[in-house]
């Protein structure tokens, strides 16, 4: 993970760097930190060395943080930016340049770690995969691309978001363990598991997916499905 810190006060660069290294160490993340004391140098460096995240002081001489961010955006850079400042005065301007977050100085460890956890959750997602046995061999699938799974005797029919299908030789109970709620899946019927992110609409008796598939909801599963769906969507 490459992170840039831009601040005209060395003490804040040192403190923020130390906290970031501590956070990275606790999560087993390899991190490179690049430091700059003015916006022009940051902009020039980011052209050659694209960052994963920028922590940017707002109040700096010459080119302030808001103008620096605006220039980065004008150059087509959509890198997440966390603004650092001792004043709330620039909160509105920070969101105008699509800031990811806004932290007040002095930087609080708990607050910074919470923001970094949110950054990691939103921008550092790793795609979960599952390799299943098929009738002809083995198939490695990306879990988030699975729209639904249907039990068919001792086989399971997997339908992907693009409409393609494969049949796998896996017990349905094992699929329930792999395609679970933490990954956005729920069992809506004794024979079906669906991807909540791909639900277009649902009624008390059926779910319609974004690819047009219509899947039954059993009477016993409806209440749980409704509760989990809205809780999951709210978290997103």
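Each reported figure results from applying straightforward, stated rules to the coordinates on display, with no laboratory input. Not measured: the values here are computed from a predicted model. Quick reminder, even Gly has a Cβ in these numbers, built from the backbone with ideal geometry, and neighbours come from all protein chains shown.
Brief remarks on what is shown
- Of the residues 188, 175, 50, the one with the fewest other Cβ atoms within 10 Å heads the list, and the complete ranking is 50, 175, 188.
- Neighbour-count order for 143, 81, 33, fewest beta carbons within 10 angstrom listed first: 143, 33, 81
- Computed over Cα pairs, the Kirkwood radius of segment 127-232 leads via Stokes-Einstein (1.306 mPa s, 10 °C) to a diffusion coefficient of 116 µm² per second.
- Spacing of the two label points (7 Å from each Cα toward its C-beta) at residue 191 and residue 223, in nm: 2.5 nm
- Fraction of beta bridges assigned by DSSP in the chain that are antiparallel (%, nearest 5): 65 percent
- Anisotropy class of segment 1-75 from Cα gyration tensor, a/c 1.5 cut: oblate
- Cβ crowding within 10 Å averaged over residues, with 1-7, 108-114 ranked highest first: 1-7, 108-114
- Estimated from helices alone, the mean residue ellipticity of the chain at 222 nm is -11000 deg cm²/dmol (sum of -39500 (n - 2.57) over DSSP H runs with n ≥ 4, per residue).
- Segment 132-185: C-alpha gyration tensor shape, a/c 1.5 cut-off, then a/b vs b/c: oblate
- Remark: the Cα gyration tensor places segment 26-116 in the oblate category, a/c being 1.5 or greater and a/b not exceeding b/c.
- A value for Rg/Rh (Cα atoms, Kirkwood Rh) was derived from the coordinates, and within the list (i) 0.94; (ii) 1.02; (iii) 1.12 it appears as (iii).
- Across segment 127-232, Cα pairs under 8 Å and at least six residues apart give a relative contact order of 19 percent.
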